[in-house]
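So the structure is just underneath, and the comments pick up after that.
The values are calculated or read from the model by the stated rules, or taken from the named source; none is laboratory data. All values reported here derive from a predicted model rather than from experimental measurement. Backbone-built Cβ (ideal geometry, glycine too); neighbour counts: all protein chains shown. Remember, those area values only see protein heavy atoms, side chains included, never the ligands or the DNA or RNA. Shrake-Rupley method; radii C 1.70, N 1.55, O 1.52, S 1.80 Å.
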Amino acid sequence: MLRARIASTVLCALTLLSGAPCLHAGSPKPFDAAAAFGARPDIETLRLSPDGMSVAFVTPIQGQGSVVYTMSLTPGSKPKVAFYADGKPFRMNGCNWVANDRLVCSTYGLLPDRINNNLAGHLPFIRLYAVNADGTKPQLLSAPQSQYSASFAEQDGAVIDWLPDQDGSVLMEQIHLPNVHPGSYVGNDITGLAVNLVDTRTLASKPVIPPRRDAAMYLTDGHGRVRIMGERNLMPDGRPTPEITYLYRTQDSDDWHELSRYNSTDYTGFEPLAVDRDLNIVYGWKKLNGRIALYSMSLEGLLHQDLVYSRPDVDLDGLVRIGRRNRVVGVSYSTEYPHTEFFADDIKQLLAAMHQALPQQPLMTVTDASADESKLLVFAGSDTDPGAYYILDRNSHALHKLLETRVKLAGVTLARVKPITYPAADGQMIPAYLTLPPGIDNPRGLPAIVMPHGGPSARDEWGFDWLAQFYAARGYVVLQPNYRGSSGYGDAWFRDNGFKDWEIAVGDVVASGRWLVKEGIADPAKLGIVGWSYGGYAALQSVAIDPTLFKAIIAIAPVTDLEALKREHGFFSNYYEVSDFIGAGRHMRAGSPITHADKFKQPVLLFHGTEDRNVSVEESRTMAAALKAAGATCDLVIFEDRDHQLQDSAVRAAMLRQSDAFLRHAFGMSP
């Protein structure tokens, strides 16, 4: 009954195959920008079956819930509900096909941490399920735990090889938790990461690699053989350090040999990513002149590293892989615009032809393929187009539009995004993206928003951004700076990161606001700053550099106290990495917005979810209390049972409405 109700409410929101819009009775409602831009994408993930005859896609429902649909690509076919998670607490990560009639779906959720009583308050967990394409025979794939298990596994299973030659079996990493009940004790039974061959139909499991206490990950060659293992180096108390030692096996031996070492904090060393069985090499990241480049290493004992591809200006950011065996076909990076360098000539030619067929959607990538790669699933979009999925049949050379990602924005004129640079206080030119309200080409004296990205180990890229597009639709100019401390531009740009070098990072953010005013783009009385996570931190911390520049500040899930941020991770295995990243010393106090509560002269609006594990909601609560005690104007909006990303369409819409109303009131603008 529940599935029928879900199907009836969701199907009408999708444009399927024919592209025909869903018709409703009654007169059309006025466009609700907050609801349209705040809505989660109609298609969250989309996968193609091994035979290329069906798709599986995830679409949102009320709250944080999602539904998994399967649909034959035969004309006239209708979607079928295969699986769903109601968001209380289970939510969907996505699904993939293990056979033409069966899926593996990943769910995640948060549970109250009643054991440690830690500041983050919740424990994350991930569970895998296998289910038939028609929704029958759902089964938990994760390694079973009993009341006697030695501990609680947050993530006790992950598919590392989809084994396309086998009907429904996969290779899985699984956390092995030994029983501690006296009657079931086994002397050599240890907690560790193992690899098992699992039949998703019968749940029969066969050990492939026994559990190893220090194992952190495994890589296969896409043909069922594990070739790489990562070992986490441990502290005396058992917690992992940032350094991983990678081991490899040759084609015909099960003995492990050291391949490389990699530090996940400063990104030094060689990090394996994918194995090519035919070439008998492993691809991986390694720095070249301070920028991340792609190298390969032989897996036959030579340990020689060959440069595959690099850029002198930016880091590489992703391998491009297709097919059931994750064939490496290229590498991606972003300068002013995103780019892909293809190594596989067949894919390069296909994408070139698609760019000619879809010139208005330059953001294009192959997201999946049938087992024989005769059918490709392609995503295409742009800054003014949230994107759509297409099926490309390589045999017939036919291209069919399949699904739109954001139906609610169909027919809405979106804002163009322009790459620009502006000078920082020391003269350094900072790359950024300028989004103008639709229809405005020469902005003069407009209300404007500086919107620094989160991370800070991240960067903004050219393309569709629902948050920036909402504010542009409401008449604001939006500037998104890739301040120093952002990733993607090499070590010299990243510096010591945006916390340790907060004065430079936040100084660059402040400089972007000054540039908007100097250029006459922004009305100085109507200049605000909006940020999420580290972006919220930068928005609040801006007053430490210039207390009067921004006339309104909005911070979503912000860091407000660096010492508190450290303590929040004290119960988790990444504590040492987080602690090292944040650092210690004088910047801890001066770099915490809560220290500067007495400097705020402008109104502040804070948003935070109570299940935020990245940044505790207590940071916003204490910040709001400090601001009010200092006489500043501050409103705090708490979203119960929501996490750092606020993955709820209604919650996001409410946040957008309240933020828009807040800015308009602060700027003296009409609603």
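Compare the Cα positions of Ser457, Ala522, Tyr422 along the charge dipole of the chain (+1 at Cβ of Lys, Arg; -1 at Cβ of Asp, Glu; about the Cα centre) and return the one farthest towards the positive end. Toward the positive end, the furthest listed residue is Ala522.
Taking 19 Å as the cut-off, the amide N atoms of the stretch 630-651 that come nearer than this to a point 7 Å along the Cα-to-beta-carbon line of Ala661 belong to 633-640, 649-651. Scaling the Cα radius of gyration of the stretch 442-551 by the globular reference 2.2 N^0.38 Å produces a ratio of 1.01. With the convex hull of its Cα atoms as the shape, the stretch 588-637 has an orientation-averaged projected area of 3.5 nm². Taken about its Cα centre, the chain carries a charge dipole of roughly 1720 debye when the Cβ of each Lys and Arg holds +1 and the Cβ of each Asp and Glu holds -1. Using θ = phi - 60° in the Karplus curve 6.51 cos²θ - 1.76 cosθ + 1.60, the 3J(HN,Hα) couplings for the stretch 385-398 round to 9, x, x, 8, 9, 10, 9, 10, 9, 6, 6, 9, 6, 9 Hz; x is entered for Gly and Pro. In terms of its alpha-carbon gyration tensor, the stretch 259-385 comes out oblate; a/c meets the 1.5 threshold, while b/c is at least as large as a/b.
For the peptides 405-417, 477-489, the ranking by packing is 477-489, 405-417, with the highest mean count of neighbouring Cβ atoms within 10 Å listed first. Between Thr622 and Ile420, the C-beta separation translates, for a Förster distance of 35 Å, into a calculated FRET efficiency of about 0.45.
Based on the alpha-carbon gyration tensor of the stretch 487-555 and its eigenvalue square roots a ≥ b ≥ c, which shape applies: rounded if a/c is under 1.5, prolate if not and a/b is larger than b/c, or oblate? Judged from the Cα gyration tensor, the stretch 487-555 comes out prolate (a/c at least 1.5, a/b above b/c).
Amide H contacts under 5 Å for Gly387: Ser382, Thr405, restricted to partners 5 or more places along the chain or on a different chain, H placed in the peptide plane at 1.01 Å from N. For Cα extents along the principal axes in Å, computed directly from the structure shown, the correct entry in [x] 79, 67, 47; [y] 247, 66, 35; [z] 69, 62, 52 is [z]. Maximal additional length on extending the Tyr309-Ala204 stretch stands at 33.6 nm, based on 0.36 nm per residue less the C-alpha distance.
For the chain, give the share of DSSP beta bridges that are antiparallel, in percent and rounded to the nearest 5; count only bridges with both residues there. Of those bridges, close to 85 percent are antiparallel.
Sequentially through the stretch 288-295, phi angles give Karplus couplings (6.51, -1.76, 1.60; θ = phi - 60°) of 10, 6, x, 10, 5, 10, 9, 10 Hz, Gly and Pro residues having no value and appearing as x. Peptide packing for 301-312, 269-280, 630-641 was compared via the average number of neighbouring C-beta atoms within 10 Å per residue; ordered from the highest value, the list is 269-280, 630-641, 301-312.
Here's how it looks for Val637: its modeled amide H is under 5 Å from those of Leu606, Phe607, His608, which are all 5 or more places away or on a different chain. In this structure, Arg213 and Met429 have a Cβ-Cβ separation that, at R0 = 45 Å, corresponds to a calculated FRET efficiency of about 0.35. Take the Cβ atoms of Leu279 and Leu234, set R0 to 30 Å, and the FRET efficiency comes out at 0.35. Annotation: extensible slack from Thr191 through Asp32 equals 52.0 nm (criterion: 0.36 nm per residue apart, minus Cα-Cα distance). Taking every protein chain into account, the 1.4 Å probe leaves Lys401 with about 90 Å² of accessible area, to the nearest ten. With the cut-off at under 14 Å, measuring from each backbone N in the stretch 69-108 to a point 7 Å along the Cα-to-Cβ line of Met53 picks out 71-75, 77, 99-102. Close amide H contacts of Leu123 (hydrogens built in the peptide plane, cut-off under 5 Å, sequence separation of 5 or more or a different chain): Leu111, Asp113. Would you list which aspartates and glutamates come within 17 Å of Lys137, measuring only between C-alpha atoms, while excluding same-chain residues fewer than 8 positions from it? Correct list for Lys137: Asp101, Asp167, Asp199. Can you classify the stretch 291-336 as rounded, prolate or oblate using the Cα gyration tensor, where a ≥ b ≥ c are the square roots of its eigenvalues, rounded means a/c under 1.5, and otherwise it's prolate if a/b beats b/c and oblate if not? It is oblate, given that a/c is not under 1.5 and a/b is not larger than b/c. Ligands, DNA and RNA are left out, and with a 1.4 angstrom probe the accessible area of the chain is 42 Å² per residue.
Modelled this way, with points 7 Å down the Cα-to-C-beta line, the labels at Ala492 and Phe343 are 2.8 nm from one another.
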